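The structure under discussion appears below in the form of structure tokens.
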Amino acid sequence: FIPTHAFRFLQVLGKFFPRHRAVMGDFYMLPDTVPGAVDAPVVQTRLKGTMVPCDTYMVRPGWFDIFFPTNFELLQSMYNATCRAPASTAAGLGGARVCTQAEFVKQYGDLSKTATRSGENPMLEFYGNNKFLLS
């Protein structure tokens with residue numbers, strides 16, 4: 001699966017907002033994806049109150065939810081190629097970097113405000129399938 005809309009978004013970002021900074025976060029891995037494809041989506045529907053995964057994305061529009069994971073390493077390459085031309089780098093705007101949810105929260109979050117009474121921290125311990133692209 002090719003992230004064409006993401007590429008178009010990056011082109012607009014680079015053209016109209018050349019000195020921008022970006023924070024993009026999403027899931028990079030999803031359970032129950034369509035088998036046999038790289039960066040395949042999860043396709044599911046609800047039947048009698050139960051979520052039912054599908055093994056194809058060729059389904060009737062409007063009746064199914066389709067979720068694509070984000071390939072952040074590919075997005076980083078696309079971002080650097082479209083938004084960070086040599087002139088941008090010379091102006092002090094470096095390339096993008098990718099980090100995990102835990103790395104992001106440790107660097108930018110206030111862990112004391114996200115801890116539970118039992119001492120667990122959902123922002124660190126959950127969302128292990130989430131990443132961020134930072135520029």
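The values are calculated or read from the model by the stated rules, or taken from the named source; none is laboratory data. These numbers were taken from a predicted model, which means no experiment stands behind them. Here the Cβ positions follow ideal geometry from the backbone for every residue, glycine too, while neighbour counts run over all protein chains shown. When the accessible area is computed, the model is the full protein with side chains, heavy atoms only, and any ligands, DNA or RNA have been set aside. Shrake-Rupley method; radii C 1.70, N 1.55, O 1.52, S 1.80 Å.
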Kindly provide the chymotrypsin sites (Phe, Trp or Tyr not before Pro) of region 37-72 that DSSP labels as loop, not H, G, I, E or B, and whose Cβ sees at most 10 other Cβ atoms within 10 Å.
-> TRP63
Going toward the positive end of the dipole of region 16-132, with +1 on Lys and Arg Cβ and -1 on Asp and Glu Cβ, which of PHE67, MET29, PHE132 do you reach last?
-> PHE132
Accessible surface of VAL34 in the full protein assembly, 1.4 angstrom probe, to the nearest 10 Å²?
-> 10 Å²
So what J values fall out for region 100-114 if you push phi through Karplus, 6.51 cos²θ - 1.76 cosθ + 1.60 with θ = phi - 60°, rounded to Hz, Gly and Pro as x?
-> 7, 4, 4, 4, 4, 5, 5, 7, 10, x, 10, 4, 5, 8, 10
For THR45 the rounded accessible area (nearest 10 Å², probe 1.4 Å, non-protein molecules ignored) is 30 Å²
Which percent of the accessible heavy-atom area of the chain goes to carbon and sulfur, probe 1.4 angstrom?
-> 60 percent
What accessible area per residue, rounded to a whole number of Å², is obtained for the chain using a probe radius of 1.4 Å?
-> 67 Å²
